[in-house]
Amino acid sequence: MLILTCPYCSVAADETELSAGGEAHVKRETVGADDAAFEQYLFQRENPKGIHFERWRHAAGCGKWFHAARCTNTLEVFGTYSAQTLEPPKNITDAISAARPGWTWRNFS
Amino acid sequence: MSKAISALNGQRFEGAVTVKDLGPRGMITLRGDLSSAAVKKAATSVSGAEMPQAGMCTIAKDQGIAWMSPDELLVVLPYADVDGAIAKMGKTLKDTHHLLADVSDARSIIRVQGTGVRDVIAKLSPADMRPSSFAVGTMRRTRMAQVAAAFWMRDARTIDVICFRSVSEYVFGILSAAAAEGAEVYPK
Ligand SMILES: [Zn+2]
């Protein structure tokens, strides 16, 4: 069972209390973007066996959206963090680097 | 004026643990910046309770404040006091960004009471009900079986559960099944 600690209410919530919100840090394309950029925004998603960044919502709890960094292979959770950010904070990337040196995910490493 | 009745209308189940409808209860949702003095004053002045810490509630007897999220409180008070309390809170908050809603009739409140009360709740919700992580005064929003619910520990053998009015029968049913004689986790 996947357990994520909600950064807003500090509850260690198992996945039955959460709803998955898909990939994190997707950049929204808008007027003026070309077809390739729109295709990327609408359809192209990472599906890694390993490090992944996701959005989750504490649906049956405080109701807040948040971000999580975890390993899809081992269910190891590297941390959860605020929804109000465009990239993972340093303490999260540091935690991943400590466990998986040399990792990359999209533009992050 | 018509008389307000709760969805469960006073139902009671006597098992290893007792489950009973508490009848109509006043509940006011207050959203806003919880660090703002006006928001704190609005909640504390009508409930006579202190502001709760995150994840906790300050409901003494049947009146007080529960922490629902970083920007939401639930003020619990007698059913008849709601209109007056909302008017008073609205005045206190008139220059502060906020949301106030009377949710009394949208909810049910059910009391679960007995020695095995933690086990009854633990069978139905993913919350960690060990005394070390769920002490008296803890407030938890979570789910119970298939529906959203919240509960707080009133005293060492009493937990008050709130759920949506529309699922009252369902919640009462699952609580009763979990509380039934012979369903104890640690039989006598
Ligand atoms: Zn939460």
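The values are calculated or read from the model by the stated rules, or taken from the named source; none is laboratory data. Predicted, not measured: the structure shown is a model, and the values here were computed from it. Neighbour counts run over all protein chains shown; Cβ positions are idealised from the backbone, glycine included.
Of note:
- Being within 12 Å of the ligand (Cβ to nearest atom), touching a Leu at 6+ places or on another chain (Cβ under 7 Å), touching a residue at least 40 places away in the same chain (Cβ under 8 Å) and hydroxyl-bearing (Ser, Thr, Tyr) is not true of residue A:5.
- Taking the numbered list (1) without any contact (Cβ under 8 Å) to a residue 12 or more places away in the chain; (2) in contact with a Leu (Cβ under 7 Å, 6 or more places away or on another chain) in turn, residue B:111 passes all entries but (1).
- Of all residues in region B:145-188, those being under 19 Å from residue B:76 (Cβ atoms) and assigned to a strand (DSSP E or B) number 15.
- Of all residues in region B:133-144 being part of a loop (DSSP other than H, G, I, E, B) and either among the aliphatic types (A, V, I, L, M) or on the phi > 0 side of the Ramachandran plot (or both), the one that is farthest from the other protein chains (Cβ to nearest Cβ): B:136
- Any hit, region B:14-23, residues being in a loop (DSSP other than H, G, I, E, B), touching an Asp or Glu at 6+ places or on another chain (Cβ under 6 Å), modelled with pLDDT of 95 or more and more than 16 Å from residue B:77 (Cβ to Cβ): yes
- Cβ-Cβ under 8 Å pairs, at least 6 apart or on other chains, region B:38-64 side within 14 Å of chain A (Cβ to nearest Cβ), far side of a type in the set (Ser, Thr, Tyr): B:52/B:58; B:54/A:10; B:55/A:10; B:55/B:138; B:56/B:138; B:57/B:138
- Region B:153-188, residues that are among the aromatic types (Phe, Trp, Tyr) and either free of Cβ contacts under 8 Å to residues at least 40 places away in the same chain or touching a Ser or Thr at 6+ places or on another chain (Cβ under 7 Å) (or both): B:170
- Which listed residue is of a type in the set (Asp, Glu), within 14 Å of chain A (Cβ to nearest Cβ) and surrounded by 14 or more Cβ atoms within 10 Å (Cβ to Cβ), from B:119, B:71: B:71
- Considering A:39, A:23, A:17, the condition of being more than 12 Å from the ligand (Cβ to nearest atom) and either surrounded by 14 or more Cβ atoms within 10 Å (Cβ to Cβ) or under 23 Å from residue B:148 (Cα atoms) (or both) is satisfied by A:23 alone.
- Pairs linking a residue in region A:8-27 that is more than 14 Å from every other protein chain (Cβ to nearest Cβ) to a residue that is among the acidic types (Asp, Glu), with Cβ atoms under 8 Å and 6 or more positions apart or on different chains, are A:20/A:54; A:21/A:54; A:22/A:54; A:23/A:46; A:23/A:54; A:24/A:54; A:25/A:87.
- Within region A:45-85, the residues that satisfy the criterion of being at positive phi and either more than 16 Å from the ligand (Cβ to nearest atom) or within 14 Å of chain B (Cβ to nearest Cβ) (or both) are A:50, A:63, A:75.
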